[in-house]
1. Run the numbers for residue 138 and residue 24: contour at 0.36 nm per residue of separation, minus the present Cα-Cα distance, in nm.
2. Multiplying the sequence separation of residue 123 and residue 291 by 0.36 nm and subtracting their Cα-Cα distance, what value in nm do you get?
3. Quick one: what are the phi-derived ³J(HN,Hα) couplings along the stretch 5-19, Karplus 6.51/-1.76/1.60 with θ = phi - 60°, whole Hz, x for glycine and proline?
4. Beyond a 31 Å Cα-Cα separation, which of these cross-linked pairs lie in this structure: 72/222; 25/81; 81/222; 72/302?
5. Rounded, prolate or oblate for the stretch 123-206? Axes are the square roots of the Cα gyration tensor eigenvalues, ordered a ≥ b ≥ c, and the cut-off for rounded is a/c under 1.5.
6. How much of the DSSP beta bridge set in the stretch 3-303 is antiparallel, as a percent to the nearest 5?
7. Once you have the Kirkwood Rh of the chain from its Cα pairs, apply Stokes-Einstein at 4 °C and 1.567 mPa s and quote D in µm²/s.
8. Would you work out the relative contact order for the stretch 1-47, in percent, from Cα pairs under 8 angstrom that are 6 or more residues apart?
Amino acid sequence: MKSYDLPQTSLHASSIILGLMRILKLEDEEIRRLVESAFDVGVTMFDHADVYGGGHNCERRFGDAMASSSIKREDVIIQTKVGLVGGVYYDLSTDHILQAVDESLTALRTDYLDSLVLHRPDALVEPEEVAAAFDVLESAGKVRNFGVSNCSPGQIALLKTAVKQPIVFNQVQLSITHAPIIAAGLTVNMANLEQSNDRDNGLLDYSRTAGITLQAWSPFQKGYLNGVFLGDREAYPDLNDLIDELAAEYGVTPIGIATAWITRHPANIQVILGTTNPGRVAEAAAGSDIVLSREHWYRLFKAAGHTLP
Ligand SMILES: NC(=O)c1ccc[n+]([C@@H]2O[C@H](COP(=O)([O-])OP(=O)(O)OC[C@H]3O[C@@H](n4cnc5c(N)ncnc54)[C@H](OP(=O)(O)O)[C@@H]3O)[C@@H](O)[C@H]2O)c1
């Protein structure tokens, strides 16, 4: 499994993160097997949110699974997110962050988080409120690293007017078929082309410049949580043909190629898997070990329907 030294941290993490957003449907034993088998193929980082499963439920199920597994707490990197309240509104106030983190620690059965991520930008954010929470959490030893999710460079700059700790992660949606953070940069300033619209103010280049590790969520989804492109020949015939061809050539499965398309990028982007299937985790892990040629990487980009002028 490819792994990275994460800039601005002392963390060394797998290129693949297991996301636990979808585990509620599993039995306890299945969750334990998923987590252990992911660890066995080299996954050392796990992504949560207080809101997954409602009321810290996915965190709790994972905490239970860890307690019954052979994995040691210090051998894994546990990340959770805060800020979405019951799917109804956003809250990055000091009180809310502190309370939610305490609840996450209890649910996860740990006394520290390796990473706390602000789930989405809060329109009503007051950077001083976030800073106060981060200071308390850091000095209490409850959180070791801090990050954001779905944030633009300007939103990060706003937080940094008050927050002292480095912002080390930004989680963003990225798959071959949903790739605006990459695609816009390949069609700068082109007229009458939707892809040319810069939706994130140069987030990718900013992140590389600032040493912020991007984490790609929904790496196999067509768009926003609307199903996987893998095997969807009606919507993506050319892409699936090419993925199959390259899977045979590189000796991996289609999931491996879809993973490799992200890990091939020199920004050392981490891929957050949402699968609940241990076999698919292993297939993705195998994909992170291959290096797609430039030609293959660009052909996949074009086969997904993006423009390469
Ligand atoms: N920061 C944010 O705003 C944000 C938003 C969304 C998600 N996330 C994080 O990102 C993680 C991943 O998101 P995601 O779950 O949307 O990602 P994903 O890995 O693209 O999608 C996972 C889903 O696709 C299915 N799947 C995977 N490969 C498949 C295949 N070859 N054929 C058919 N179905 C397949 C999985 O089913 P099986 O379980 O049956 O394999 C699962 O339902 C989440 O767990 C969460 O940690 C963050």
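No value in this document is a laboratory result; all are computed from the given coordinates. Note that the coordinates shown come from a computational prediction; the quantities given were computed from them, not determined experimentally. Don't worry about glycine lacking a Cβ; one is built from the backbone with ideal geometry, like all the others, and counts go over all protein chains shown.
1. Fully extending the segment from residue 138 to residue 24 adds 38.0 nm.
2. Taking residue 123 through residue 291 to full extension adds about 56.5 nm, to one decimal.
3. Running phi through 6.51 cos²θ - 1.76 cosθ + 1.60 with θ = phi - 60° gives 7, 8, x, 6, 9, 9, 7, 10, 10, 5, 5, 10, 10, 8, x Hz.
4. Numbers: 72/222 35 Å; 25/81 21 Å; 81/222 23 Å; 72/302 43 Å.
In this structure, 72/222; 72/302 exceed 31 Å between Cα atoms.
5. prolate
6. Taking every DSSP beta bridge with both residues in the stretch 3-303, the antiparallel ones total about 20 percent.
7. After rounding, the answer is 65 µm²/s.
8. It rounds to 46 percent for the stretch 1-47.
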